[in-house]
Amino acid sequence: MRAVAAIPIMMPVSPAAVCPADLQLKLGDVSPSKLSYHLKELKDEGYIKECREGKRHYDSLQPERLKPFAKDLSWLNE
């Protein structure tokens, strides 16, 4: 459940699949190791899904897994 705290890091940046390197550039002050840790936690809990294209991989949020938290995350859409 602790991984849910990392969802706000990803949601405002892109609702679609995003490369972790691009995500890190947009977030700026988040270290690559911290971002990697949180993305792994989210993957392990099923909140994001990884897809690969060649050597690159992309992560995307899984909306069906976020529905229970919709009310708590509603401030992101304001």
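The values are calculated or read from the model by the stated rules, or taken from the named source; none is laboratory data. The structure presented is a predicted model; accordingly, all values stated were derived computationally and were not measured. The accessibility values were calculated without ligands, DNA or RNA, using every heavy atom of the protein model including side chains. Shrake-Rupley method; radii C 1.70, N 1.55, O 1.52, S 1.80 Å.
Computed values, structure above
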item	result
Net lengthening on full extension, E50/Y37 (0.36 nm per residue, minus Cα-Cα)	3.3 nm
Accessible area in square angstrom per residue, the range 17-76, 1.4 angstrom probe	68
³J(HN,Hα) computed for each position of the range 45-57 - Karplus, 6.51 cos²θ - 1.76 cosθ + 1.60, integer Hz, glycine/proline x	8, x, 7, 10, 10, 9, 10, 10, 9, x, 8, 8, 10
Residues of type lysines that K26 reaches as a straight line, Cα spacing below 24 Å, ignoring anything fewer than 8 places off in the same chain	K34, K40, K43, K49, K55
